[in-house]
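Here the structure is laid out as structure tokens; the discussion comes afterwards.
Values in this text are rule-based calculations from the coordinates and carry no lab data. These numbers come from a predicted model, not from an experiment. Methodologically, a virtual Cβ is constructed for each residue, glycine included, from the backbone with ideal geometry; neighbour enumeration extends over all protein chains shown.
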Amino acid sequence: MKKTLLLLTLFVGLISTQAQTKEELQAQKSEKQAEANAAQAEANALQAKIDALPGWRKGAFGTIGGSLSNFNNWYSQDKPNNVSGNIGLTVNAYANLIEEKFFWRNSLTTNLNWVKLDDKDSSTDSDNFEPSTDVFSITSLYGRNITKTLAISGLAEYRTTLLDNFNDPGYLDVGIGATWTPIQNLIVVVHPLNYNFVFADNDAVFESSLGAKIVADYTRQIGAINFKTNLSTFQSYKSGDLSNLTWTNSFSYTLWKMIGVGFDFGLRSNKQEALNYALAQTPATATSFDDVDNKLQSYYTIGLSYKF
């Protein structure tokens, strides 16, 4: 009986010791977590001071998406023997020089996508990856500060495709006006004097003109999250048929080291491109701006992302 009581006492004491040890470890963890939070707050404050210093700010992030499949004798589908695939690539990069009296902001956005559907039972179809999404844009904005949030500025923006019909069409906007930066990372450009140069083989459809340029861009990194949204619109003074609008968005979340997930989507309205496409159909589905069906253009890409 005494041995039983002794063992029971030792067992209870051991449990109590372990319980106390667990409580002590939890208390130590809480102390260390509080210290880490305080250190992170100090680091964030220092980073904010660094970001406010004059000089260059550079960065880039991108998204890579892809899939590949191979079917043999899969009779439930129209093409039982085929190889299909999809590859997408998005890159967003910027290099900004911020000084006390002036700024020079440069950015590049590109979204490329290839698709493949090879019917192994047909000798006439293509077995290559064909371009589908093809977006390329580069901008350069220079401004002289009037106040902390307002500047006189000049903008050059070039947009085209890289994989198919390079510079056909290509758009070069050159103009002057004002740039407003109400908060950090948000840039709003309003240039009432802007010339939209359009380069294309079909001069009967694509035409350059004078108009107003408005651009809004918000690019930011919050911890493991990178995102960018850019709205670029041109309003022609000559005709609304020559106006255009493009809105692109990129988002990436880093999961491990430099690898994460990404999502990109874009919208575009361009009546000149719609008419050029309609005229190229057999038979043509439109003959002038008045009867063209200017549907809203769109794309999206989902896949792995890589932070450069």
*Could you give the angle, 0 to 90 degrees to the nearest 10, between helix 2-52's Cα long axis and the longest principal axis of the Cα atoms of the chain?*
30
*Modelled FRET efficiency - R0 41 Å, residue 44 with residue 162, Cβ distances, 0.05 increments*: 0.60
_What are the ³J(HN,Hα) couplings of region 249-265, residue after residue, when phi is run through the Karplus curve with 6.51, -1.76, 1.60 and θ = phi - 60°? Round to Hz, x for glycine and proline._
9, 9, 9, 9, 10, 7, 9, 8, 6, 9, 9, x, 10, x, 9, 10, 8
*Calculated P(r) of region 131-275 - Cα pairs past 25 Å, %*: 35
*Quick one: if you stick a label point 7 Å off each Cα along the C-beta vector at residue 148 and residue 218, how many nm between them?*
2.1
*Residue-averaged [θ]222 nm for the chain, counting only DSSP H segments that reach four residues, each worth -39500 (n - 2.57)*: -7000 deg cm²/dmol
*asked:* If I stretch the segment between residue 57 and residue 210 completely, what's the gain in nm (0.36 nm per residue apart, minus their alpha carbon distance), one decimal?
replied: 51.8 nm
*Considering Cα pairs under 8 angstrom that are at least six residues apart, work out the relative contact order of region 58-307 and quote it in whole percent.*
13
*In which sequence would 292, 188 go, from the one with the fewest C-beta neighbours within 10 Å to the one with the most?*
188, 292
*Largest first and to the nearest Å, give the Cα extent of region 43-196 along each principal axis.*
69, 45, 21
_FRET efficiency, residue 300 to residue 21 (Cβ-Cβ, R0 41 Å, nearest 0.05)_ = 0.20
*Determine the distance separating the Cα centre of region 261-287 from the Cα centre of region 59-92; give it in Å without decimals.*
23
*Quick one: order 118, 290 by neighbouring beta-carbon count within 10 Å, fewest to most.*
290, 118
*Over region 58-307, how many percent of alpha carbon pairs lie in each 10 Å bin up to the one with the longest distance?*
7, 25, 30, 23, 10, 3, 1
*Going by average Cβ neighbours within 10 Å, how do the peptides 80-89, 274-283 rank, with the highest at the top?*
80-89, 274-283
